[in-house]
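Q: Encoded as structure tokens, here's the structure I'll be asking about.
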Amino acid sequence: SEDKPHQNLAIIGHVDHGKSTLVGRLLYETGSVPEHVIEQHKEEAEEKGKGGFEFAYVMDNLAEERERGVTIDIAHQEFDTDEYYFTIVDCPGHRDFVKNMITGASQADNAVLVVAADDGVAPQTQEHVFLARTLGINELIVGVNKMDIVDYKESTYKEVVSEVKDLLKQVQFNTDDAEFIPISAFEGDNIAERSDNTDWYDGEILLEALNNLEAPEPPTDADLRLPIQDVYTISGIGTVPVGRVETGLLNTGDNVSFQPSDVGGEVKTIEMHHEEVPQAEPGDNVGFNVRGIGKDDIRRGDVCGPADDPPSVAETFTAQIVVMQHPSVITDGYTPVFHAHTAQVACTIESIDAKIDPSSGEVAEENPDFIQSGDAAKVTVRPQKPLSIEPASEIPELGSFAIRDMGQTIAAGQVLSVNEP
Ligand code: GDP
């Protein structure tokens, strides 16, 4: 299964709509729960006379982790289909979801949106769909869940589908890139097998839809961008910056530049999983050593790129943002902390240039006095310290950010253009 292309999959949706249950069901149906783990539980379940003990086990296990306060309960689980090897990435609702998505730690390629048929679009459905769209999810599979509760009624399914379509249009998500499936994560309808309960439905079932997703293109052809996570000093080697290659290739012998620290040199060695390698590619977490670079020359938040096409440094940049939650209003001069790749920099929103109508993408108001929760806007931003960031249209991996203030994520956005000093 390691040979199959990899997909990072986010499971998003309102609380209690069935995300964990769906993850349990996917792991169970794809045989991803280790045999010994199932065996262990089999007897116990049989003693208690529980039917469908295996699935019950998976769910008990997830519930147990949840009770122990394990925040990664449904994240970092893995399963595979004929085509792909899937990793379920950190989910919204977990504290660090937005931050992780932006730092690339859990950049999802595609997402399954879970919407309970008996509840329809709820506040977190909106928030997550918006985030998914802003952070560059390619395709969305919408599981209209808990169909068992609504007696598998086609009319209810259709109502929910139309609500979700309206929401997708609002955030300018192309509804052609979304697939809708009536499911019950709990009963297993239309997950691995076509359900007899929904004979009015003839589209793909969930595992088919996952299997038929398009393969993510690894951004190997782009220029190297490697945001630095940490910098170590290792005896016998010297200064070792570590980080994840976001785009392009890192080769020994390359001449590289670190921005905004503005230093550079030749790559001497690259190490991955405690072994020396000649080359690293997108997704690889590496430590490397650059001739002439000392520990204090570079820092977390720097981006490493080719010396002849160094990472951009913004004096100001323009961006499209969406305000997710702010207790009052945002006006010119607001200076929260921007989280972009591994950098955290206070930035001033110098001007709010336009308010955008989310349903059409058109300018709704030029130079508004303020924006508030739910608003989308074009803004001009001035970092208070040098920040390396790229237009999302050129290097999407380095072009999105979250805005945080008072311990919460206020907004998320994408860079439109960078004005260098
Ligand atoms: P999450 O908060 O989105 O992860 O939701 P959970 O997976 O924890 O599910 C919330 C509740 O809904 C639990 O009691 C589940 O057993 C129940 N649930 C989830 N999916 C289904 C379903 O398809 N049908 C029914 N009847 N209940 C479900």
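Readers should treat all values here as calculations from the given coordinates under stated rules, not as data from a laboratory. Here the structure is a predicted model, which is why all the values come from computation and not from measurement. With ideal geometry, Cβ positions are generated from the backbone for all residues, glycine too; neighbour counts draw on all protein chains shown.
Q: Please compute the modelled spin-label separation between Glu154 and His273, points set 7 Å along Cα→Cβ, answer in nm with one decimal.
A: Result: 5.0 nm between the two label points.
Q: Compute the distance in nm between two label points, each set 7 Å from the Cα along the Cα-to-Cβ direction, one at Glu163 and one at Asn285.
A: Result: 3.9 nm between the two label points.
Q: Determine the gain in length on full extension of the stretch Arg300-Ser417; use 0.36 nm per residue of separation and subtract their C-alpha separation, reporting nm with one decimal.
A: 39.8 nm
Q: Now, a different point. Could you put Tyr152, Tyr85 in order, starting from the residue whose Cβ has the fewest other Cβ atoms within 10 Å?
A: Starting with the residue having the fewest Cβ neighbours, the order is Tyr85, Tyr152.
Q: If each of Asp230 and Val242 carries a label point 7 Å out from its Cα toward its Cβ, how far apart are those two points in nm?
A: 0.4
Q: Please quote Rg/Rh for the range 290-334 to two decimal places, taking the Kirkwood radius as Rh and restricting both calculations to Cα atoms.
A: 1.16
Q: Among the chymotrypsin sites (Phe, Trp or Tyr not before Pro) within the range 213-298, which fall in a DSSP loop and have no more than 14 other Cβ atoms within 10 Å of their own Cβ?
A: Filter output for the range 213-298: empty list.
Q: Once you have all Cα-Cα distances for the range 183-266, histogram them in 10 Å bins from zero and send the whole-percent values.
A: Reading upward from the zero bin: 13, 28, 14, 12, 17, 13, 2.
Q: Using +1 on the beta carbon of Lys and Arg, -1 on that of Asp and Glu, and nothing else charged, what's the dipole of the range 151-257 about the Cα centre, debye to 20?
A: Around 680 debye, computed over the range 151-257.
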